[in-house]
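Here is the structure we will look at, set down as structure tokens.
Each value in this text was obtained by applying a stated rule to the coordinates, not by laboratory testing. Keep in mind it's a predicted model, so treat the numbers as computed, not measured. Every residue, glycine as well, gets a Cβ built from its backbone with ideal geometry; the counts of neighbours run over all protein chains shown.
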Amino acid sequence: MKLLQLKIMFLVLSVFIVSSLYADVITETTIGSGYEDNLFNDSSSTSDSYAFIGMDMKYYPSSSAQLTAGAQYNAFSSFSDLSNLTGNLSATIIPTPESSPFSLALTGTATVRKFGTLYEWYNQVGTSVGTDISYRLLRWAHLQSSASYINNNYTKSDFGSNQTVNFAMGINFTVLNSNSITFKMDYSQRLFDQPTLIQEGSGNSFSNNQSKSETFDITGILIRYSRPLGKRTGLNLSLGHRQLHLDNDYTVLGYTIDYLSPWSDLWEGMSFSGGLKHFFPKQITTKLSFAYYDKRFIDVVELDEFTSGTYWQDTRDDQLSILSLSISKPILIQSNKMFTPFLYFEYRKNESTIRFFNYENIMVSVSLKMAI
């Protein structure tokens, strides 16, 4: 598989080099490395270092259309089979003129992600289509809406593939010249392929029957506030809440690697986030971000790795706190070439009713992006 990945990356790199000769094409190459203190976001506290290389190309066939292609390879030191190759193709069309109060954008995307043998059940192929519509109601107020369909297929697993239909509506308005406020409501319906788990006897023992499909409805509301603080600093704050609408006793089959699980997004609760962005002299940019999530997950049924065919059910509530800092500085080499080094730091702390998901995680990475 590694030989195939290298061939794909070489092909993409060749396309990028040739395409950079044309004025209506923008290419970006990113290389970097990092270290993660808790790779799997659980109490095992497994650490590893990694390196990555990524390439993106944007092509503008007209003033109203954009085509994008990209690929990234992530290589882990100790967990080599967790190394993965991702690729994407997307198209965006904006048929409405800039002067019009009405704006329409149509998008389509195809993605692929491939892991090594030990983690191949997380291999994914996805497609999505969507539309974004906005209308300038007043000089200081815009109506916004969107609709999308997403299909995500786990190619090496019998379970986890899902389809999502999403609708969102909102309004953005500016008050006192610089205070921007957004209200947004959204609705999602997700259909998952998963096994039928039948409880046996009076205890927490389950048997795996045939596969079935389960539908989950999710509604959410978000309030976002942003404004400049002086000439060099910007502030943004967001408060949100999402709700799962389910029948009683719904359960899903959990995967050990939580952050890659198909069902990791099935939670309800409150979230709060914010950030400060500051421009220092000599074009040095810093971003300080924080977030807090109170997550009540749908009940998870796990497979006991030590006793064949034995399952148990857990109710999981998490409180996740995240703090991150990034520093970057663009360096102009030539009139059309820009190098930008990045330094990124992130700290996570999660407290859960399931002891296995009590953890802390520190991640540090450095990268260099070249734009042509």
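Report Rg(Cα)/(2.2 N^0.38 Å) for region 59-172, keeping two decimals. Show your work: numbers first, answer last.
Values: Rg = 18.5 Å, N = 114, 2.2 N^0.38 = 13.3 Å.
For region 59-172, the normalised Cα radius of gyration comes out at 1.39.
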Worksheet item: Non-local amide H neighbours of ASN358 (under 5 Å, H modeled in plane, Pro and chain starts lacking H): which ones?
Response: SER43, SER352
Practice prompt. Would you list, by chain and number, the aspartates and glutamates whose Cα falls below 15 Å from the Cα of LYS114, excluding same-chain residues fewer than 8 positions away?
Written response: ASP81
Worksheet item: Convex hull over the Cα atoms of region 135-200, averaged projected area in nm²?
Response: 7.4
Worksheet item: Which order do peptides 233-240, 186-193 fall in by mean Cβ count within 10 Å, highest first?
Response: 186-193, 233-240
